[in-house]
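Encoded as C-alpha cells, the structure appears first; notes follow it.
The values are calculated or read from the model by the stated rules, or taken from the named source; none is laboratory data. This one's a predicted model, so the numbers in the text were calculated from it and none came from an experiment. Cβ: placed from backbone, ideal geometry, glycine included. Neighbour counts: every protein chain shown. Accessible surface is based on the protein model in full, side chains and every heavy atom, while ligands, DNA and RNA are left aside. Shrake-Rupley method; radii C 1.70, N 1.55, O 1.52, S 1.80 Å.
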Amino acid sequence: MEKAKKVAVRFLVKLLIVVLVLGVIIGGAMGYYLSKNYDADIEAIGKLNYGKHTVKEEGKTMVFIPDGDIKAGFIFYQGGKVDHVSYSPLMSALAEKGVLCIVPSMPFDMAVFNTDAAAGLREDYPQVEKWYIGGHSLGGAMAASYLAETTEEYDGLILLGAYTTADLSAKNLDVLTVYGTEDRVMNKKNYIAGWDLLPKEAEEYVIRGGNHAYFGSYGEQKGDGTAKITNKQQIDLTASAIAEFVR
C-alpha cells in the first residue's frame, strides 16, 4: 500500500513537471508569435502626402479629421499583427475626401482582443450623421462581428481583404468589400462563402493588381502575392471606392 502511494506521488510530480514545461513552451511560443508584428513603414508613409487635414492622437487612437465638410465617419480595425499606424496613408486619403476616420490601437495589434474597441468613439463627433465600421483582414472580420450586435448604430460595413463570419444577411446595412487580384493571404473560399452572410445589396470592388498588404504601409506580408501596382495606387483606388460608397 505504501509503495503504491509513493508510485502515485512520483507520477503526480512528473505530471506536474510536464504540465509546467508545456505551459512555458506554449507561453513562450505565444509570446514570440504576438511579438512578431508588422511595423509601420515610417519612411514610406512619409513619402505619401495627402494634403490638408487634421490628425489627432487620443491615447493610442488616431483620428483623421477633414478640414472641410464631413460626409461620413469610419471606424477602422487594423489587420492582424499590423501596426495601426500603417493605415495612416489610407485614412489621410479618406480624410481628404471628406471621411472622418478613427483608428483605435488594439492589444498586441490584434482586434480579436478588443472587438468592441469602437464603443463610445462616435459620441465625440456628434456632427457626423453617417457612420461606417470596418477593417482590414482579421480587423474586418472582428468589425463585422461587433457590428452584428450594434447594427442600429451604423449605416454600413467596409471590408478590405476580409470577410464576415457573422450573419448580417437580414440587417439593414450598406456593405462594401474591397480586395486585390494578387491577394494570396485572404482565404478566397471563405470570402465567397461569406457573401451568403451579407445583405443581398452588398457591393464588391476588385483592385486589379492589388495585393493584401497594400491597404496599409508596412512592407511585404508573408504568403502574399506580388502587387502589380504601387502601394500609393492601391491606397488611392481604395480611398476613391470608399468615398464613392459612403457619399
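For segment 189-198, check the following and say yes or no: at least one residue is assigned to a loop (DSSP other than H, G, I, E, B), touching a Gly at 6+ places or on another chain (Cβ under 6 Å) and modelled with pLDDT of 95 or more. No, segment 189-198 contains no residue that is assigned to a loop (DSSP other than H, G, I, E, B), touching a Gly at 6+ places or on another chain (Cβ under 6 Å) and modelled with pLDDT of 95 or more. For segment 193-218, filtered to residues that are open to solvent by 30 Å² or more (accessible area, probe 1.4 Å) and either under 19 Å from the mean Cα position of the chain (by Cα) or touching a residue at least 40 places away in the same chain (Cβ under 8 Å) (or both), the residue that is farthest from Lys97 (Cα to Cα) is Leu197. Of the listed requirements (1) among the polar types (S, T, N, Q); (2) open to solvent by 10 Å² or more (accessible area, probe 1.4 Å); (3) within 30 Å of Gly120 (Cα to Cα), Thr238 misses just one: (2). Looking at segment 186-195, can you tell me whether even one residue there is under 19 Å from Pro89 (Cα atoms) and of a type outside the set (A, V, I, L, M, F, W, C)? Looking for residues that are under 19 Å from Pro89 (Cα atoms) and of a type outside the set (A, V, I, L, M, F, W, C), one finds none in segment 186-195, hence no. Scanning segment 98-151 for residues that are assigned to a loop (DSSP other than H, G, I, E, B), open to solvent by less than 30 Å² (accessible area, probe 1.4 Å) and under 11 Å from Ala72 (Cα atoms) turns up Gly98, Tyr125, Val128.
Quick check on segment 207-222. Is at least one of its residues more than 25 Å from Asn37 (Cβ to Cβ) and assigned to a loop (DSSP other than H, G, I, E, B)? Checked against the condition, which is being more than 25 Å from Asn37 (Cβ to Cβ) and assigned to a loop (DSSP other than H, G, I, E, B), segment 207-222 yields at least one hit.
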